[in-house]
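Worksheet: the structure to be examined is printed underneath.
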Amino acid sequence: MRLSPPCKINFGLRVLRRRPDGYHDLESIFLPVPFLHDDLELTRLAGSARETTLSLGGIPLDDDAADNLCLRAYHLLKADFPDLPAVHIKLHKRIPFGAGLGGGSSDAAFTLKGLNELFGLGLDEAELERYAARLGADCPFFIRCVPAFVEGIGDRLTPLGYNPIEGRHLLLVKPPEAVSTREAYAGLDAKMEVMENMEGMERIESITSIPSINSISQSAWTPKSSARTPGNDFEASVFPRHPAIAQLKADLYALGACYASMSGSGSVVYGLFEDAGTLRAAAQRLRQGHPDCQLFYEE
């Protein structure tokens, strides 16, 4: 069975609060991006083979292959379905990692879906999402893989029923530098400590002055209008430490993007363009000005 796990972008991202368990509550809109995907192949091993195997290709991964999310997805199902046959998992990586695109989460979710279909396990989407949540906060989104409003730690999903960027053309720009999620949250936590120390009405006004991503998702947003355009809270902590990433966002606007943002905690920045010609011209200029960046868009 061959599958194409896609990446996602965050169309707006707000980090609301720190939780007692150390995680953070957030809200965002997740949008699948089918034109940038990994290649995943699941093959049942013949004969009496008992051990599932994994082979990797494409972009080299720094992580230990034994801890790969695809293998973890298989063993998660194996614990509840002891008769699950051994398979060979072949994964060819195209989605950059450490980029805010959710590539590893997508691979894990598609492994769950593929095994469910290949061996007729009978799991519905809600059950698959519960398994996916045990693998990572972003994983449940990739089970249905449709535009969704996301809450909690990324595990509470409400399908939008439409795509808020429908009709616009998407350009992804991956700089050579990476941003760790830990680093991105560290800058925001300092701001949250200030808010938590506020009292009464001052704190309430500070919180309620920030528009809800959900309210934006239900309304038409105007490109370049801060009043109706979703932002990404991580930019406030990432851009000062990584000015080259901030410059990419500025360059996208200068080259004609109607909206530009960092995805997740970075380091990918994306731009939306009203027409394909403007996107292609922007891509050419970016290649000249930033030859060390990777560019992805639908040809």
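The values are calculated or read from the model by the stated rules, or taken from the named source; none is laboratory data. From a predicted model like this one, the values you see are computed outputs, not experimental measurements. Backbone-built Cβ (ideal geometry, glycine too); neighbour counts: all protein chains shown. Areas reflect the complete protein model, heavy atoms only, side chains present, ligands, DNA and RNA absent. Shrake-Rupley method; radii C 1.70, N 1.55, O 1.52, S 1.80 Å.
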#### Entry: Burial ranking of peptide ranges 166-173, 41-48 (average Cβ count within 10 Å, highest at the top)
166-173, 41-48
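Quick check on my link table: of K90/K113; K8/K249; K8/K90; K113/K249; K8/K113, which ones sit more than 26 Å apart, alpha carbon to alpha carbon? Provide the component values of the computation, followed by the final result.
Values: K90/K113 15 Å; K8/K249 18 Å; K8/K90 21 Å; K113/K249 35 Å; K8/K113 17 Å.
Violating the 26 Å limit, Cα to Cα: K113/K249.
Between K78 and D39, take the C-beta separation as r, use R0 = 22 Å, and let me know the FRET efficiency to the nearest 0.05. Walk me through the intermediate numbers first.
Working: r = 23 Å, r/R0 = 1.05.
Once rounded, the FRET efficiency stands at 0.40.
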### Query
What's the extension gain from R94 to T158 if we count 0.36 nm per residue and subtract their Cα-Cα distance?
20.3 nm
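Tell me the net charge near M262. Cut-off is 14 Å between Cβ atoms, M262 excluded, with +1 for each Lys or Arg and -1 for each Asp or Glu.
Numbers: positive: K8, R14, K174, R241, K249; negative: E177, E183, D233, E235, D251.
Neighbourhood net charge equals 0.
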### Summary
With every protein chain kept in place and a 1.4 Å probe, region 1-135 has an accessible area per residue in Å² of 47 Å²
### Query
If we sort 242-253, 259-270 on the protection proxy, mean other Cβ atoms within 10 Å, highest first, what's the order?
259-270, 242-253
### Query
Tally Lys and Arg at +1 and Asp and Glu at -1 over the other residues with C-beta under 9 Å from the C-beta of L56: what net charge comes out?
+2
### Query
In region 59-148, carbon and sulfur make up what percent of the accessible area (probe 1.4 Å)?
49 percent
